[in-house]
Structures are given as structure tokens and as C-alpha cells.
Amino acid sequence: MYRATLIPVCALAMLLATSVGSGASGGDLELVETRKIWDAGPHNAFTDLVRYQGKWVCGFREAPSHTGGVKDSRIRVIVSGDAQQWESAGVIDDQKRGDIRDAKFALMPDGRLMLLTATQLFDKSKQSHQSHAWFTKDLKSWDGPHDVGDADIWAWGIVFHEDVGYSIGYRTKNPRYVRLYSTQQGTDFDTLVENLGVKDPYPNESVIVFDRDSDKAYCLLRCKGPAQLGVATPPYDNWQWKVADRAIGGPEMIQVPDGRLLAGGRLYDGKVRTSLFWVDPETAELSEALKLPSGGDTSYPGFVIQGDTLYVSYYSSHEGKSSIYLAKVKIPGSDASDAVNDNGS
């Protein structure tokens, strides 16, 4: 069992005021604690977090380095009963074909846990990337890989809404664009929107959130330039995009109990860090709310919210080695009796 190391946080620095636009009310986030939960791999990065069968589950890539195209990469899955002490539940790899990349979880309507990832292929004679899915019922045995989507379209994340899964994939070759897929079984990726029409040289990583009250979908999209925020209503085949006020990397987003949109990732403004920030759905303004202990090679958070506490997995090299961390963040104004969001999407 891997024992986590607690990083104390100065009480005077725990509260950080946020500034939000017209689409989000004010409020503070309180960093309760941050724990290093894994550093056994040479380079540990690109996380996601989920609650499954009463356990905390964190997935991430172990590899010799951050760089793509390397050998000996794998997805490590670790579990915990209390979010403090963690143990490995197994590894997933695609080493015969190439370098396996980011881990993204989804809770299936039939109760299975899905892990969506992609492999950067060693043999690029026909294609360079292939997305694929894995499935488990017990966190012990994994069914996969099941190739999904199209060649050289990296399906980066998935969320199920009303028994349908939605995944945005980005093309890894020119011409660059993003495509929206829908699926019911997790293996039958059907193209819902061939090209989402984002005006940017390289739209790529994304996260989708469905509004609890209106069924409106929001997508926070990483781009070569500033991030963009997409909005669509059912059947989600017509998206409108707004350019945000800053660039981001490795985006994650969630709707907190009071309805606001809270996102996380790396902010690109000269100061290297992983931060949480409010998203104004009307203006696409991203207002930094809380800097997590981080620096150097860092980003790619995963979210799970329970009551008034947001749990954030992420990776960082601010202590030297690129390692996996778990932060607990209080969201003032949220009712601890609110329903649990198990997958942060």
C-alpha cells in the first residue's frame, strides 16, 4: 500500500477571493489539504478521478517522460477507501502498438466503469493515433482495448447524459478540427457532428458539462490560442463558440451545487501552475479562484464533488519529480447534503 504524504497549508493562505462575471456569483474556495498520492513511476502524469463502488479511483499515465512516442508507458489505476492511503489496482497498456496516453473515466448506464484513452502508435505508416476504451465491473479485470472513433481522431474524454455518451475528439494531423461522437455501449462511437467548426489553428483537449436544470451542454476547449467555450442544446448538433480571455491546458470542469461552472487546468500567462477558475457561461471569462500547490510540469486535473467538498487529482513537478496529488477544496455556499457527483462531469 502506498502511503500518502500530507502537505500542510498555511491557514492564512487557505482563502482566496474570486472575481466572476455576470454568469457566476462571487465566492471563495478554501484549500483544505493536498496529498501526494503516487510517485512510483519515472514520470507520473495526466490524471482523472472517479468514485466507483464506494471507492476513490485515480487513473494516470506512468512513463519514462512527458514526451509522446516513448516505450514502456502504461495507465496506472490506484484505489482508496478514504482518499488518504492508496494502493495499485492494476495497469493498462498498449505497448505492442505504442505509447498509451491520458486516462479519462466515465460511469456507464449499465454500472460498468469505462476508461477512455489513446495510443500514439510506433508504426505511423497508416495512422499516428488510435483511441480505445476499456471496461471493468470490479476494478480487477479490464475488458479491452476496444478501438473507437476514427484514425487520428483523439477522443479526449467522455461523459454520459441520459444514457448517451458524448465525446469530443481532435484530429492529430492537418487539417486540425474537433469532432463530436455519441455512443450508447461505449464501443459504438457514431459521429454526431463531423466538424464542430471551431476557428482556431489547433483545437484539442476538451470537457463537456450538462446543466442539471436546462440540459444545455457546455464545452471548455483547449486551443492553440485562448480557450473557447461552446454551448449547445439538445440534440447537441449545433454549437456556438465564444473565445475566452486566456489559454489553458488539460481542462476539467464541473457544475457545483449552486449552478456555477468551476474548471481547472494549467493557465498560460507566464506563471506555471495548476489552478481552479470560475467559468462565466455568458462571456467565456475565466476567473482564477485558487492556485493549487504546483509548478513545473503540471496540470490535467480530475474532479469529484461530494457535498461541499471538491476532490481534485492532478500532477506536478514542483517538488522535483513529476508526481500525482489529491487536493480537497471546500466550496462555501454548497450544502453538504447535496447529491454526490461521482464522476465530476
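Is it true that some residue in segment 31-41 is at pLDDT 95 or above, in contact with a Gly (Cβ under 8 Å, 6 or more places away or on another chain), among the hydrophobic types (A, V, I, L, M, F, W, C) and closer than 30 Å to Asp280 by Cβ? Break it down stepwise before answering.
If we filter segment 31-41 for residues that are at pLDDT 95 or above, which is where we start, we get 31-41.
Now drop any that are not in contact with a Gly (Cβ under 8 Å, 6 or more places away or on another chain), which leaves none.
Looking through segment 31-41, none of the residues is at pLDDT 95 or above, in contact with a Gly (Cβ under 8 Å, 6 or more places away or on another chain), among the hydrophobic types (A, V, I, L, M, F, W, C) and closer than 30 Å to Asp280 by Cβ.
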Please note which strands (runs of 3 or more DSSP E) are completely contained in segment 252-334 and include at least 2 residues that are under 22 Å from Gln85 (Cβ atoms) and more than 14 Å from the chain's Cα centre (by Cα).
-> 309-316, 323-330
Only one of Gly225, Gly249, Gly230 that is more than 23 Å from Val312 (Cα to Cα) and part of a strand (DSSP E or B) = Gly230
Which numbered condition trips up Ser167, out of (1) part of a loop (DSSP other than H, G, I, E, B); (2) in contact with a strand residue (DSSP E or B) (Cβ under 8 Å, 6 or more places away or on another chain)?
-> (1)
Enumeration of residues in segment 114-151 that are in a strand (DSSP E or B), out of contact with any Phe, Trp or Tyr (no Cβ under 8 Å at 6 or more places or on another chain) and among the polar types (S, T, N, Q) | Thr119, Gln120, Gln130
Note down all Cβ pairs under 9 Å where the first residue falls in segment 64-91 and is open to solvent by 40 Å² or more (accessible area, probe 1.4 Å) and among the hydrophobic types (A, V, I, L, M, F, W, C), the second is modelled with pLDDT of 95 or more and not in a loop (DSSP other than H, G, I, E, B), and they're at least six residues apart or on different chains.
-> Val91/Glu62; Val91/Arg74; Val91/Ile75; Val91/Arg76; Val91/Val77
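Here's the yes/no breakdown for (1) among the acidic types (Asp, Glu); (2) open to solvent by less than 60 Å² (accessible area, probe 1.4 Å); (3) without any contact (Cβ under 8 Å) to a residue 24 or more places away in the chain; (4) under 17 Å from Arg101 (Cβ atoms):
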position: Asp152; (1), (2), (3), (4): yes, yes, no, yes
position: Ile158; (1), (2), (3), (4): no, yes, no, yes
position: Ile168; (1), (2), (3), (4): no, yes, no, yes
position: Thr172; (1), (2), (3), (4): no, yes, no, yes
position: Val193; (1), (2), (3), (4): no, yes, no, no
position: Lys216; (1), (2), (3), (4): no, no, yes, no
position: Thr233; (1), (2), (3), (4): no, no, yes, no
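The values are calculated or read from the model by the stated rules, or taken from the named source; none is laboratory data. Note that this is a predicted model, so its numbers are computed, not measured. Backbone-built Cβ (ideal geometry, glycine too); neighbour counts: all protein chains shown. Quick note on the areas: whole protein, heavy atoms, side chains included, nothing else; ligands and nucleic acids left out. Shrake-Rupley method; radii C 1.70, N 1.55, O 1.52, S 1.80 Å.
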